[in-house]
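What follows is a set of notes on a single structure, which appears directly below.
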Amino acid sequence: MKNFLKATDRTGSAFKYLAEKFPGLSEAKIKEGVFAGPQIRKLFRDDMLNNVLQGDEEKAWDAFHLVSTNFLGNIRVENY
């Protein structure tokens, strides 16, 4: 998650969307990528996030999503 947030523009629409999505998190925690498991799962189910991401942000999010679901989860894919 931290690598994804390093790829996001701090003044861009994706960062603003995360701040609106989780108003209880401080801006410092969002900048550092401090998210709990339930918050990350909520982002996985969120279709609006994919619409907001652009360029490198989208590539970083796709990579994080693939690693999280196919390797780090309880069920690993055959070619992990």
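Rule-based calculations on the coordinates, nothing more; no lab input. Predicted model, so just to flag it, every value in this text is computed and none were measured. Here Cβ is always computed from backbone atoms with ideal geometry, including for glycine, and neighbour counts include all displayed protein chains.
Here are some residues: Phe64, Phe44, Phe35. Which one is within 13 Å of Met1 (Cβ to Cβ) and touching a residue at least 40 places away in the same chain (Cβ under 8 Å)?
Phe64
Which residue is farthest from the chain's Cα centre (by Cα), if the candidates are limited to region 22-71 and must be of a type outside the set (Gly, Ala, Ser), surrounded by 10 or more Cβ atoms within 10 Å (Cβ to Cβ) and part of a loop (DSSP other than H, G, I, E, B)?
Checked region 22-71; the qualifying residue farthest from the chain's Cα centre (by Cα) is Phe71.
If you go through region 1-21 one residue at a time, how many are surrounded by fewer than 14 Cβ atoms within 10 Å (Cβ to Cβ) and in contact with a Phe, Trp or Tyr (Cβ under 8 Å, 6 or more places away or on another chain)?
So the answer is 2.
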